[in-house]
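Please read the structure below before turning to the comments.
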Amino acid sequence: MVSIDDRIESLQNTIDSLMYWDAGVANFECKYLGDEVTLYINLDDEIAEIAFKFCYIVNYRGDLEHCEKGTEMKLKNRFGHDVQNISVKKSSEYSSMMEINLDFILFEVSIICRDITITKRPFAEYHFFWQDN
């Protein structure tokens, strides 16, 4: 059985191999009352989908000035959310869980979860809400 430390190292390496730095956030979605949080990263012709599963804690904070502009302004300006950093480490409080920190410039997220899945698919296979505007 793979240790959680080895799993975390493998996940961080896989995430880093996406070369996501400064890529746009295509969507950020919470499902199942927060049990699953999915980040969609626009890698030009592909979307990297990172699903954080079996979430125990999900906290996020946006930029107040940016939030006051509303969704319409965000859509016109491509959200203003570019992925700066994704870090995965072992939770210091919950030994079987991982702690993830996401930095999107104007949006920060911290997650405590049990599993992460990472997939890449062609951009054409997705339809995001902002494509209708």
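We did not get these values from a lab; they are worked out from the coordinates using the rules stated. What you see is a predicted model; the values in this text were computed from it and never measured. Reconstructed Cβ throughout: ideal geometry from the backbone, glycine too, with neighbour counts over all protein chains shown.
Ranking request for peptides 97-103, 54-60: highest mean number of other beta-carbon atoms within 10 Å first, then the rest in descending order. If you can, show how the numbers build up before the last one.
Numbers: 97-103: 19.4, 54-60: 14.9.
Peptide ranking by packing, descending: 97-103, 54-60.
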Exercise for the section: Can you tell me the equivalent ellipsoid semi-axes for the chain? Use √(5λ) from the Cα gyration tensor, largest first, whole Å. Expected result: 26, 17, 13
Completion exercise
Between the alpha carbon centres of the range 1-38 and the range 93-132 the gap in Å comes to 5
Exercise for the section: Return, ordered by residue number, the residues of the range 116-133 whose backbone nitrogen is under 15 Å from a label point located 7 Å along Cα→Cβ of VAL2. Expected result: 116-119
Practice task
Counting helices only, and only those DSSP H runs with n ≥ 4, report the 222 nm mean residue ellipticity of the chain as the sum of -39,500 (n - 2.57) divided by its residues, in deg cm²/dmol to the nearest 500.
Solution key: -5000 deg cm²/dmol
Practice task
Would you mind working out the magnitude of the charge dipole of the chain relative to its Cα centre, with +1 at each Lys and Arg C-beta and -1 at each Asp and Glu C-beta, to the nearest 20 Debye?
Solution key: 200
Handout entry: Residues with amide H under 5 Å from that of ILE47, placed H, sequence gap 5 or more
Key = ARG121, PHE123
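Over the chain, what relative contact order in percent results from Cα pairs under 8 Å that are six or more residues apart? Don't jump to the answer; show the numbers that get you there.
Working: 246 pairs, mean separation 37.0, N = 133.
Dividing the mean separation by the residue count of the chain yields 28 percent.
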Problem - For the range 108-116, 3J(HN,Hα) per residue [Karplus equation, 6.51 cos²θ - 1.76 cosθ + 1.60, θ = phi - 60°, Hz, x = Gly/Pro] - result: 10, 9, 10, 9, 10, 9, 9, 8, 9
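How would you rank 33-39, 111-117, 125-131, highest first, on the average number of other Cβ atoms within 10 Å across their residues? Spell out each step's value before the answer.
On the way: 33-39: 15.9, 111-117: 18.0, 125-131: 11.0.
Answer by packing, highest mean first, reads 111-117, 33-39, 125-131.
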